[in-house]
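The values are calculated or read from the model by the stated rules, or taken from the named source; none is laboratory data. Nothing here was measured: the structure is a model prediction, and the numbers come from that model. Cβ atoms come from the backbone with ideal geometry, glycine included; neighbour counts cover every protein chain shown.
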């Protein structure tokens with residue numbers, strides 16, 4: 001049981017750092033301790049389901065400790081209710097690993113799966129891919145720095161990479177058991193000696209070594225092709241503006257002065273396209289806006305440059321007024337080039353689940369918004385100099401959803417752009433975790449991902465999942481970067 005807790009601890013704290021090498025080392029050790037803790041168990045002491053339940057709870061508590069404060073700050077929940085919801089979240093999240101334990105028990109009845117070391121990797125990959133999760137965390141998420149392996153996410157879901165990696169770990173545990181501890185895993189699990197001889201060690205080691213060399217070598221070739229493509233592609237200079245606006249500060253048009261001032265500086269630094277984060281313009285704008293000159297507020301402030309910003313829009317329909325969390329793109333002359341409405345809203349922040357059925361829930365979360373899910377989901381086309389750029393907007397949590405960015409890529413998006421305001425998480429590790437999970441979208445789509453945030457972590461991520469530029473958190477700043485149009 002000790003190995004299980006060590007595994008959960010290592011994986012959770014690995015998400016606290018921005019050092020990708022440290023992430024990789026700790027996550028790999030976490031997988032080793034997890035497999036070792038599950039496999040080296042005799043049948044009469046098999047507590048796989050309990051072990052995985054405790055693993056899930058431990059990991060969730062340590063990795064997402066910031067959720068209660070966010071619920072209080074963002075949704076206005078009381079302290080007791082916030083911690084009650086957090087406990088419920090940890091328990092529900094852990095059901096994924098309970099299901100994994102159940103599948104492990106079922107698959108463990110197959111001697112073929114057992115002797116080929118497929119039982120645990122298969123059980124884990126199935127639950128990781130199909131189990132609904134609020135935060136789509138994969139065990140392989142922290143291996144983003146291993147580019148030659150990570151590039152395969154262009155072709156297969158992350159759960160498949162988790163399956164492959166766990167199988168390699170299984171082989172490593174097999175070697176350690178046989179050649180270091182001097183016994184087979186099957187012997188440990190109570191099988192007779194003649195059955196343990198069914199494991200073909202040379203064949204398994206050959207398959208493991210050859211699959212490792214094949215995937216990594218081909219992945220390395222893919223990596224070099226991507227670097228060449230980046231080198232040969234057209235480039236544009238973009239500016240990501242990090243205003244560092246407090247959530248407790250009154251957010252009205254006066255706050256535009258910060259973004260306008262920094263945009264003027266960005267122009268002087270050679271920016272061709274400027275991005276402001278989510279809710280940078282905290283005014284309700286009409287969805288049918290055609291030209292910013294129609295407004296009383298000069299958003300661009302005489303900065304004649306294409307600008308893409310996070311704002312809020314309304315749409316009047318006969319029955320009510322729809323409200324959207326929106327990204328708006330402006331041409332250099334102030335004309336609206338396009339809009340995108342956020343599709344996947346944050347529960348307890350942007351909307352209150354079950355409120356229509358139980359209106360009384362509003363009393364427990366008075367600060368929760370009343371936004372509507374958007375129906376505008378096409379890439380935004382905007383002209384930057386001689387280039388016509390197709391942008392894939394992703395608002396806040398949406399950069400954690402692979403399907404959204406992949407759909408935009410298939411529709412011709414050249415660049416992914418995430419507009420985020422993570423101020424609600426406070427001075428916690430949540431913005432680092434958000435960025436870490438989002439980095440995979442760049443690898444999966446073979447596109448640059450720009451993360452324009454209010455308080456950080458503002459980053460530019462290349463198609464290999466590498467942070468090429470970033471700004472410190474909770475500081476006002478301008479990030480200027482040359483981005484390849486792929």
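From 106, 102, grab the single residue that is farther than 30 Å from residue 363 by Cα and free of Cβ contacts under 8 Å to residues at least 24 places away in the same chain.
Criteria check complete, one pass: 106.
Which of the residues spanning region 433-447 are over 10 Å from the mean Cα position of the chain (by Cα) and either part of a helix (DSSP H, G or I) or at positive phi (or both)?
Hits for region 433-447 are 442, 443, 444, 445, 446.
Given the residues 58, 48, 70, which is the only one that is touching a residue at least 24 places away in the same chain (Cβ under 8 Å), assigned by TED's automatic domain parsing to the domain that holds residue 136, closer than 17 Å to residue 120 by Cα and buried (at least 17 other Cβ atoms within 10 Å of the Cβ)?
Only one candidate passes the filter, namely 48.
Could you count how many residues in region 354-377 are touching a helix residue (DSSP H, G or I) at 6+ places or on another chain (Cβ under 8 Å) and surrounded by fewer than 18 Cβ atoms within 10 Å (Cβ to Cβ)?
Count: 5.
Could we say that residue 399 is modelled with pLDDT under 90 and buried (at least 23 other Cβ atoms within 10 Å of the Cβ) here?
no
Could you give every pair whose Cβ atoms fall below 6 Å, whose first residue belongs to region 148-172 and is within 17 Å of residue 207 (Cβ to Cβ), and whose second residue is part of a loop (DSSP other than H, G, I, E, B), counting only separations of at least 6 or pairs across chains?
Going by the 6 Å Cβ cut-off, the qualifying pairs are 170/117.
Kindly evaluate residue 354 against the criterion of being on the phi > 0 side of the Ramachandran plot and either in a loop (DSSP other than H, G, I, E, B) or over 21 Å from the mean Cα position of the chain (by Cα) (or both).
Against the criterion (on the phi > 0 side of the Ramachandran plot and either in a loop (DSSP other than H, G, I, E, B) or over 21 Å from the mean Cα position of the chain (by Cα) (or both)), residue 354 qualifies.
Exactly one condition in (1) at positive phi; (2) surrounded by fewer than 22 Cβ atoms within 10 Å (Cβ to Cβ) is false for residue 406; which is it?
Going through the list (1) at positive phi; (2) surrounded by fewer than 22 Cβ atoms within 10 Å (Cβ to Cβ), residue 406 breaks only (1).
I need the helices (runs of 4 or more DSSP H) fully contained in region 76-150, keeping only those with at least 1 residues that are within 17 Å of residue 11 (Cα to Cα).
79-107, 119-130
Any chance region 256-270 includes a residue that's modelled with pLDDT under 95 and at positive phi?
Yes; the residues of region 256-270 include at least one that is modelled with pLDDT under 95 and at positive phi.
Answer yes or no: is there a residue in region 74-97 that is at pLDDT 85 or above, touching a helix residue (DSSP H, G or I) at 6+ places or on another chain (Cβ under 7 Å) and farther than 30 Å from residue 345 by Cα.
There is no residue in region 74-97 that is at pLDDT 85 or above, touching a helix residue (DSSP H, G or I) at 6+ places or on another chain (Cβ under 7 Å) and farther than 30 Å from residue 345 by Cα.
Residue 127 fails exactly one of the following numbered conditions: (1) crowded, with 18+ Cβ neighbours inside 10 Å; (2) within 22 Å of residue 1 (Cα to Cα); (3) modelled with pLDDT under 95. What is the number of that condition?
In the conditions (1) crowded, with 18+ Cβ neighbours inside 10 Å; (2) within 22 Å of residue 1 (Cα to Cα); (3) modelled with pLDDT under 95, residue 127 misses (3) alone.
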